[in-house]
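Here is the structure we will look at, set down as structure tokens.
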Amino acid sequence: MRYCWQAVGLVALAGMTQASVAATQGVIFNGNVTATCTLVINSNGTMTVSAGLQSMSSHNAGGSPGSVALATTGGVTLSVDAVASPTVPAGDTTPTTWTPTYSSAGAHAISETGSSTPLTIPGLSTVSVHLTGTKSGANSFTSGAYQATVVLRCE
């Protein structure tokens, strides 16, 4: 009988030992951030005509650049497209050369340019977008409403 009680005691003790053993396991999390860029328009720009009527620009007195908020992870390129289809008054029949440019302040300090600029680092910036239309020779801007769209790209 004595052996029977000892065996029961050992079984009970073995059961207690197994119940008190805790198990742990590490859960791994992976993630991937791709090169991204977002552009949000803060304000549109305004062009005004020069005193000689041969320049209409956001740089002229009373003009203002468009403002765009830029956020990027880096690894992208910032650029402006050529102006495709400006709207001009019917009386303006002479050619105009439209030149879009931009500059940036913040994480990406870019001097005014019309060329593509690689953005290698992440960050937030404010992009100023300018547009200038010029006439050559004796040609000049006529009265009426002008409108053009500058496409800013971040890709």
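The values are calculated or read from the model by the stated rules, or taken from the named source; none is laboratory data. Just so it is clear, the structure is predicted and the values come from calculations on it, not from any experiment. No Cβ is skipped: glycine too gets one built from the backbone with ideal geometry, and neighbour counts run over all protein chains shown. Heavy atoms of the whole protein, side chains included, go into the accessibility calculation; ligands, DNA and RNA do not. Shrake-Rupley method; radii C 1.70, N 1.55, O 1.52, S 1.80 Å.
Data for the structure
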quantity	calculated
Paramagnetic reach from Thr46 (point 7 Å along Cα→Cβ, amide N under 11 Å) across segment 102-146	none
Cut-off under 5 Å, modelled amide H: who pairs with Arg153 long-range	Ser79, Val80, Asp81
Label-point gap, in nm, between Ser64 and Ala105 - each point 7 angstrom along Cα→Cβ	1.4 nm
Listed peptides 95-102, 27-34 by packing density, highest first (mean Cβ within 10 Å)	95-102, 27-34
Hypothetical label at Glu112: residues of segment 37-75 whose amide nitrogen lies under 15 Å (7 Å Cα-Cβ projection)	45-50, 55-67
Average accessible surface area per residue within the chain, 1.4 Å rolling probe, Å²	64 Å²
Gained length - Thr94 relative to Ile121, 0.36 nm times residue gap less alpha-carbon distance	5.4 nm
Rounded to whole Hz, the Karplus (6.51, -1.76, 1.60) HN-Hα couplings of segment 61-74, x for glycine and proline	3, x, x, 8, x, x, 10, 10, 7, 10, 10, 9, 8, x
Computed helical MRE - 222 nm, the chain, DSSP H runs ≥ 4 contributing -39500 (n - 2.57), nearest 500	-4000 deg cm²/dmol
Label selected from (1) 20.1; (2) 16.6; (3) 17.1, the criterion being Kirkwood radius over Cα pairs in Å as computed here	(1)
Residue-level accessible surface for Thr38, protein heavy atoms, 1.4 Å, Å²	80 Å²
Candidates Ala23, Ala35, Ala109, ranked by Gaussian network fluctuation over the chain, Cα under 10 Å, top entry	Ala23
Karplus 3J(HN,Hα) series, Hz, for segment 79-90 with 6.51 cos²θ - 1.76 cosθ + 1.60 (x for Gly, Pro)	7, 10, 8, 5, 5, 8, 9, x, 9, 10, x, 4
